[in-house]
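The values are calculated or read from the model by the stated rules, or taken from the named source; none is laboratory data. Computed from a prediction, not measured in an experiment: that's the story for all the values here. Using ideal geometry, Cβ is built from the backbone for each residue, glycine included, and neighbour counts are taken over all protein chains shown. With ligands, DNA and RNA removed, areas are computed over all heavy atoms of the protein, side chains included. Shrake-Rupley method; radii C 1.70, N 1.55, O 1.52, S 1.80 Å.
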Amino acid sequence: MSGGHSEYVPGNGFSKWLDSRLPLPRMVYDSFIAYPVPRNLNSWYTFGAILMVMLVVMILTGVTLAMHYAASTELAFQSVEHIERDVNYGWLIRGIHANGASMFFIAVYIHMFRGMYYGSYKEPREVLWILGVLIFLLMMATAFMGYVLPWGQMSFWGATVITGFFSAIPLIGEGIQQWLLGGFAVDNATLNRFFSLHYLLPFMIAGVVILHVWALHVTGQTNPTGVEVKNMRKETVPFTPFATIKDALAIVIFLLFFGWFVFYLPDFLGHPDNYIPADPLKTPAHIVPEWYFLPFYAILRAITFNIGIPFTDIVLIDSKLGGVIAMFASIAVMFFLPWLDTSKVRSGNYRPMFKICFILFAIACVALGYLGSRPAEGIYTILSQFFTAYYFAHFLIILPILGRIEKPDELPPSIADAVLDEPAKAGRGRASSPQPAE
Amino acid sequence: MKLQFPRIAGLALAALLTMGTGSAFAAGAEHYPIKEPKHVDWSFSGPMGTWDLGQLQRGYKVYAEVCAACHSIDLVAFRNLGELGFSEAQVKAIAAEFEVEDGPNSDGEMFDRTAVPADKIPGPYANSQEAAVANNGAVPPDFSLLAKARAPERGFPNFVFDIFTMYAENGPDYIYSLLTGYEEAPEGREIPEGTHYNPYFIAGPALAMASPLSDGIVSYDDGSPETLDQYSKDVSAFMMWAAEPSLDERKSLGFRVMIFLLIFSVLLYLTKKKVFQSLKK
């Protein structure tokens, strides 16, 4: 599509007939066969395809599970065990679905960090990035509601804690919370609507994914040099067979990793307490969300202080509301990333200072993940506050300033200069050494 | 160039590992369990693990003769015991020792009848209130999922190594350690009245259940040692089976799937190499 014109030639009478009425084969041909991709994409660029496969896997296994699951507080826990024990290959389908959620997030986090490192969000790909953040938000909502469905102890108490956020909103919070829950506490009404939404949201994700891919195909892909394609013939390769075979290999390797958990460590990523049926009268010692929410959970709990007018007792934002705001802000800030990063250079490969900041940011994210799994006390709270501050500083202070003060390395004039055996005049170091696409 | 992103990812990970070990000592209050579970060499551990049916049958015997006095196993039906290697006739005979409530009959009355293989194994108490009253307020937990519902945190960095060693026997190790771990409370440690000191207990220094097993209380007819240690292993294995009867099927199917994916990935790798060779010309 970024090629501007279509090279599709209908092969037979029927496809000619269809092409003039609904050019679907033409779209598929232009998007997945002839579509030109930069020839220097590395393996980190395969996670988009992996995520696509994960979405399909999750929808297929999810629809199957829904045939056997009962969304009722009386039956939910037992129906999940019925799937595990009595449904043909139920243990496998549920194992794929439960571990698949984690795999989906592993892939999406790598995909996002890749985008952040190579500056994939920069002009003209702002909308592409924003759609991606939107998908991430929808994924989080879907995963959260999915975790409630087995109706174990962590399901119930996780839902109680998370929906409790809404009660932090002044004046209308309690009302919103009751409206969301369908009652005064997490109960049957909550479980039912969560099931309904858990079934709905993946299809909304699929819709936004279509927009995401559309936006991608309008602007074309970035590449590790961050330099736009200048010579279509020399610098791009057709999607099929090049990207197709590479994505296929990456998908199968990812499935090996996935299978390792499904077949040998099916409960590694879950919490043992979720094998205890939900009991509203018994609070678990530590309520811990799934691992992929831990960084955001740490940010939520890092705000342990009220924010008020200095030297008075007036509290403007109490600690609970502050935590909720910080947590939502930590995701919202990503929507503005294309404008917060002021550097004209796209790829982190040519930004020596950004590279260091990117490492520190990644460390802060993983550290927040670790801290989210610890009890909120003592040194853990202090570290959480430190890394939360750093997380926001990265977006709001470091990236805007870095673009102004950093002296980037010299960019290769074109992808061809960077990766082909042609004289690489100006480039320096690794950047200019011959580097065929993987 | 393509080495840069992985190198950065590696650096970040290394920095984090250092930090993780640094903060491990930061926790303040006493950590339970006081002692890490002992490791047992289970037949069902590892990628090729399978059930030891003899062990599962012995474990069921220990459960039926000792544990079942207080603990239910609601999710397991008599028919499931066939998976332990009991014949159909044996399963029928086991079921026939139990009475279950059925009905209502055509007169609208509930009635008791002899259990059949399709029935779930009845528990010792009619409901959790009765269980609580009989046990000083502490309801004995149901056994069906206990081997997966009790797993002491492995902590950093063990949980990372567990991915590579496929260590997933935390539950049965814990149960075995608890059953064999009762001892005198150390000097100076106060434990609540009516509880029993056990450094392997996950939620405190002592639990309401007294040591339930001791040498010789269950007779084995296959020559296995009639010791506390053996009983504890057998019943822990049985509980793992009850928690996940499909475990061996999972591992044997997994082996075939992984081999397939491995060969497939090699073929794809070679194909990809061939395809990309055309670019180098």
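Points to keep in mind about this one:
- When the stretch B:189-277 is reduced to its Cα atoms, the Kirkwood hydrodynamic radius in Å: 18.3
- List A:Thr388, A:Thr283, ordered by accessible area with a 1.4 Å probe, largest first: A:Thr283, A:Thr388
- Shown for chain B is the translational diffusion coefficient from the Stokes-Einstein equation, using the Kirkwood radius over Cα pairs, a temperature of 4 °C and a viscosity of 1.567 mPa s: 57 µm²/s.
- If you sort A:Tyr297, A:Tyr89 by accessible surface, 1.4 Å probe, largest first, the order is A:Tyr89, A:Tyr297.
- Cross-link reach is defined here as a Cα-Cα straight distance under 29 Å, omitting same-chain residues fewer than 8 places apart; for B:Lys274 the lysines meeting it are A:Lys230, A:Lys234, A:Lys246, B:Lys2.
- Estimated FRET transfer efficiency (A:Asp313, A:Thr283; beta-carbon r; R0 30 Å; 0.05): 0.40
- Nearest-10 value in Å² for the accessible area of A:Leu22, using the 1.4 Å probe: 100
- Percentage relative contact order, the stretch A:35-283, counting C-alpha pairs under 8 Å, at least six apart: 36
- Sorting the Cα pairs of the stretch A:160-203 by distance into bins of 10 Å, from 0 upward, gives 30, 48, 21, 1 percent per bin.
- For B:Lys272, a cut-off of 14 angstrom between C-alpha atoms picks up these aspartates and glutamates, skipping any fewer than 8 places away in its own chain: A:Asp247, A:Glu438.
- Against the main long axis of the alpha-carbon atoms of chain A, helix A:90-117 sits at an angle near 60°.
- Helix A:378-393 vs. chain A, principal-axis angle (Cα, 0 to 90°, nearest 10): 40
- Whole-percent P(r), the stretch A:1-61, all Cα pairs, 10 Å bins from 0: 18, 33, 30, 18, 0.
- Largest accessible area first, the residues B:Lys38, B:Lys273 order themselves as B:Lys273, B:Lys38 under a 1.4 Å probe with ligands, DNA and RNA left out.
- Remark: the stretch A:158-315 projects, on average over all directions, an area of 16.9 nm² (convex hull of Cα atoms).
- As computed over the stretch B:79-225, the Cα convex hull volume per residue (Å³): 198
- B:Ala77 long-range amide H proximity, modeled H, under 5 Å: B:Ile121
- log₁₀ of I(q)/I(0) at q = 0.10, 0.15, 0.16, 0.20 Å⁻¹ - the stretch A:288-407, Debye sum with one point per alpha carbon: -0.36, -0.74, -0.81, -1.07
- Qualifying chymotrypsin sites (Phe, Trp or Tyr not before Pro) for the stretch A:140-210 [loop in DSSP, other Cβ within 10 Å: at most 13]: A:Phe184
- Intensity falloff of the protein assembly as shown expressed as log10 I(q)/I(0), Debye formula with alpha-carbon point scatterers, at q = 0.08, 0.11, 0.12 Å⁻¹: -0.76, -1.28, -1.45
- When the protein assembly as shown is described by a simple charge dipole with +1 on each Lys and Arg Cβ and -1 on each Asp and Glu Cβ, the residue from B:Phe44, A:Gly48, A:Val366 located farthest towards its positive end is A:Gly48.
- The heavy atoms of A:Tyr370 offer some 50 square angstrom of accessible surface to a 1.4 angstrom probe.
- Taking only the C-alpha atoms of the stretch B:74-151, the Rg (one decimal) and the largest Cα-Cα distance, Dmax (whole number), read 15.1, 49 Å.
- Once the C-beta distance of A:Leu24 and A:Ala332 is scaled by a Förster radius of 41 Å, the resulting FRET efficiency is 0.65 to the nearest 0.05.
- Percentage relative contact order, chain A, counting C-alpha pairs under 8 Å, at least six apart: 21
- Of the complete DSSP H runs in chain B, those spanning 30 angstrom or more by Cα along the long axis with a mean Kyte-Doolittle score not below -0.5 are B:247-280.
- When chain B is treated as a GNM with alpha-carbon contacts under 10 Å, the residue of B:Leu207, B:Leu261, B:Leu146 showing the greatest mean-square fluctuation is B:Leu261.
- Cα-based reach from B:Lys61 at 30 Å (exclusive), listing lysines while leaving out same-chain residues under 8 positions away: B:Lys35, B:Lys38, B:Lys92, B:Lys120, B:Lys148, B:Lys233, B:Lys251
- Computed on the Cα trace of the stretch A:35-283, the radius of gyration divided by the Kirkwood hydrodynamic radius gives Rg/Rh = 1.03.
- In summary, the convex hull built on the alpha carbon positions of the stretch A:78-222 has an orientation-averaged projected area of 10.9 nm².
- Relative contact order, whole percent, for the stretch A:288-407 stands at 38, derived from Cα pairs under 8 Å and 6 or more residues apart.
- The share of Cα pairs per 5 Å bin across the stretch A:39-159, counted from zero up to the longest distance, runs 2, 10, 18, 20, 16, 11, 9, 7, 5, 2, 0, 0 percent.
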